[in-house]
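The values are calculated or read from the model by the stated rules, or taken from the named source; none is laboratory data. The structure presented is a predicted model; accordingly, all values stated were derived computationally and were not measured. Virtual Cβ from ideal backbone geometry, glycine too; neighbours counted across all protein chains shown. For accessibility, only protein heavy atoms count, side chains too; no ligands or nucleic acids. Shrake-Rupley method; radii C 1.70, N 1.55, O 1.52, S 1.80 Å.
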Amino acid sequence: MTAGPIVALCGGIGGAKLALGLYRVLEPDALHVVINTGDDFEHLGLHISPDVDTVTYTLAGIENPETGWGRRDETWSFMETAKRLGAETWFALGDSDLAIHVERTRRLAAGHRLSEITAAIGKKFEIRARLIPMSDDAVRTVVQSTDGALAFQDYFVRRQCKPVVEGIDYDGAGRAHAAPGVLEALKRPDLRAVIICPSNPFLSIDPILAVADIRAAVANCQAPVIAVSPLVGGAAVKGPTAKIFDELSIPRTASAIAEHYGGLIDGLIIDQADKDHVASLPVAARAVNTLMRSLDDRENLAKDVLSFAGELSVAPRSQQGND
């Protein structure tokens with residue numbers, strides 16, 4: 001008999017690393033990855049899904065190991081020509097990467113859903129995990145900053161996260177619904193665990209949880225819900241996570257992560273550097289190595305998370321927490 005699923009809520013680079021670890025240690029087909037699409041945008045006439053593509057490339061084993069995004073051994077003839085023609089090239093699209101954006105855009109124009117397209121591309125790359133964008137409806141992360149309201153990629157790539165963050169909105173979330181397969185997995189009686197990957201809480205996980213039926217399904221699921229902290233000793237491994245904590249006047253602590261997901265999680269995985277905080281946290285916690293420098297690190301963290309999930313009991317949850 002096939003074991004029940006594991007559902008991972010996932011953003012880009014950091015989340016994709018743990019998703020790969022889970023994919024490698026779980027039974028075939030057991031992993032369902034619900035991926036942030038708040039980063040999606042239109043660029044050069046194409047629909048770009050950065051986090052979806054990062055997870056796809058990582059699980060397919062073709063990601064760029066130096067950047068964590070894009071494809072390895074990429075070439076850039078398209079962007080060089082686009083620049084010569086005067087096109088906007090602040091968001092780089094590699095030649096191999098470009099094919100996915102063209103095909104996604106073509107299929108969307110033909111009436112296919114983003115979830116259908118994502119599943120089909122995953123199969124073409126022989127990925128057996130189920131890759132599911134959080135919604136087929138448009139949800140767009142908007143950063144309220146000292147430079148005004150900025151579309152996510154404008155803030156993140158064009159301006160390199162330099163503006164001070166004053167708040168974050170998820171435009172369209174109130175009208176959006178979970179993509180097919182998300183609620184079905186979360187409501188399965190044999191669901192083993194929901195894992196909130198160590199992605200940026202504000203930019204990668206909150207857009208997923210801003211979709212009301214996803215948040216409700218996580219709150220009401222019968223399996224343990226575990227978050228993996230993206231902080232190590234109060235610092236972020238990559239990206240603007242620590243900067244945003246500071247700008248929003250939120251302490252960079254394990255307690256703040258637990259409170260951020262308050263009412264939704266049964267347990268928290270933190271790094272060994274923060275092990276002295278385990279006893280004071282408001283949820284069950286375990287300190288392990290969360291730095292994923294190697295493939296072994298990713299697999300070991302996945303095993304630690306799954307082991308922890310197997311020991312947790314599920315308490316009644318609320319749907320409160322930070323939106």
Using 0.36 nm per residue of separation minus the Cα-Cα distance, give me the extension gain between Glu311 and Asp169 in nm, one decimal. 47.6 nm
Checking the cross-link filter: which lysines have an alpha carbon closer than 29 Å to that of Lys83, excluding same-chain neighbours under 8 positions apart? Lys162, Lys238
How long are the semi-axes of the equivalent ellipsoid of segment 182-245, defined as square roots of 5 times the Cα gyration tensor eigenvalues? Whole Å, largest first. 26, 13, 7
Percent of accessible area on segment 207-292 owned by carbon and sulfur, 1.4 Å probe? 51
Once R0 is set to 51 Å, what does the formula 1/(1 + (r/R0)^6) return for the Cβ-Cβ distance between Ala82 and Asp29, expressed as a FRET efficiency to the nearest 0.05? 0.80
Pop a pseudo-label 7 angstrom from the Cα along the beta-carbon direction at both Asn289 and Ile62 and give the gap in nm to one decimal. 3.1
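Could you tell me whether segment 67-127 comes out rounded, prolate or oblate from its Cα gyration tensor? Rule is a ≥ b ≥ c as square roots of the eigenvalues, rounded for a/c under 1.5, then prolate if a/b exceeds b/c, otherwise oblate.
oblate
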With a probe of 1.4 Å, find how much accessible area the chain has per residue, and write the answer as a whole number in Å². 43
FRET efficiency for Phe125 and Ala149, using Cβ-Cβ distance with R0 set to 30 Å, rounded to 0.05: 0.25
Tell me the angle of helix 13-25 to the major Cα principal axis of the chain, expressed in degrees between 0 and 90 and rounded to the nearest ten. 60
For the chain, with +1 on Lys and Arg beta carbons and -1 on Asp and Glu, the positive-most of Ala129, Ala219, Gly262 along the dipole: Ala129
Which of Ile226, Ile13, Ile117 fluctuates most in a GNM of the chain (C-alpha springs under 10 Å)? That residue is Ile117
Extended-chain gain in nm, criterion 0.36 nm per residue less alpha-carbon gap, Val157 and Phe91: 23.1 nm
Between 0 and 90°, nearest 10: helix 50-60 axis offset from the chain longest Cα axis: 70
Round to the nearest 0.05 the FRET efficiency obtained for Gln222 and Leu108 when R0 = 22 Å and r is the Cβ-Cβ distance. 0.05
In whole Å, what is the distance between the alpha-carbon centres of segment 144-191 and segment 16-63? 16
Over its Cα atoms, what ratio of radius of gyration to 2.2 N^0.38 Å does segment 1-155 give? 1.08
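Placing +1 at every Lys and Arg Cβ and -1 at every Asp and Glu Cβ, with all other atoms neutral, what dipole size does segment 17-60 have around its Cα centre, in debye to the nearest 20? Write out the running numbers ahead of the final one.
Working: 2 positive and 7 negative charges, 47 e Å.
Roughly 220 debye for segment 17-60.
May I ask for the percentage of alpha-carbon pairs in segment 191-304 that lie more than 16 Å from each other?
59
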Once Lys and Arg get +1 and Asp and Glu get -1 on their Cβ, which of His101, Gly68, Gly111 lies farthest toward the positive end of the dipole of segment 49-122? Gly111
Once the convex hull of the alpha carbons of the chain is built, what does its volume come to per residue, in cubic angstrom? 127
Per-q log10 I(q)/I(0), segment 139-227, q = 0.14 Å⁻¹ (Debye; single scatterer per alpha-carbon; no solvent): -0.57
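Rounded, prolate or oblate: which one fits segment 95-160, using the alpha carbon gyration tensor with axes a ≥ b ≥ c (rounded when a/c is under 1.5, else prolate when a/b beats b/c, else oblate)? Can you show the working numbers first?
Numbers: a/c = 2.23, a/b = 1.99, b/c = 1.12.
Taking the square roots of the gyration eigenvalues as a ≥ b ≥ c, segment 95-160 is prolate.
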Run the numbers for Thr75 and Glu42: contour at 0.36 nm per residue of separation, minus the present Cα-Cα distance, in nm. 9.7 nm
